[in-house]
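The values are calculated or read from the model by the stated rules, or taken from the named source; none is laboratory data. Treat the numbers as computed from the prediction; the structure is a model and nothing was measured. Ideal geometry is used to build each Cβ from the backbone, glycine not excepted, and the neighbour counts take in all protein chains shown. We work out accessible area using only protein heavy atoms, side chains counted, and drop any ligands, DNA or RNA first. Shrake-Rupley method; radii C 1.70, N 1.55, O 1.52, S 1.80 Å.
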Amino acid sequence: MSRKGSVAASARIALAVGTILVAINWGSAILRGTFASRDWWRLLLNFVTPFLVAEYARRRLSGATSPKDD
């Protein structure tokens, strides 16, 4: 998989997981209209964290499966 394709895959994972996390963590506040503007950075972490985890795992796995130089 190309670097661009793998970043896109990590972004799709982050979008899916982040959406679920936002619904769980912030859904009621958003629906009630009580979501504070100061909490936007916390909401964004629900997307950034899964992206970073997916990228980390991809890089670890790609390093583990490539042949080692002797």
Over segment 10-21, the set of residues open to solvent by 20 Å² or more (accessible area, probe 1.4 Å) and either at pLDDT below 95 or of a type in the set (Gly, Ala, Ser) (or both) is ALA11, ALA16
Given (1) within 11 Å of the chain's Cα centre (by Cα); (2) surrounded by fewer than 15 Cβ atoms within 10 Å (Cβ to Cβ), LEU61 misses just (1)
Give all pairs with beta carbons closer than 8 Å in which a residue from segment 39-64 that is acidic (Asp, Glu) meets a residue that is surrounded by fewer than 12 Cβ atoms within 10 Å (Cβ to Cβ); count only pairs at least 6 apart in sequence or on separate chains. none
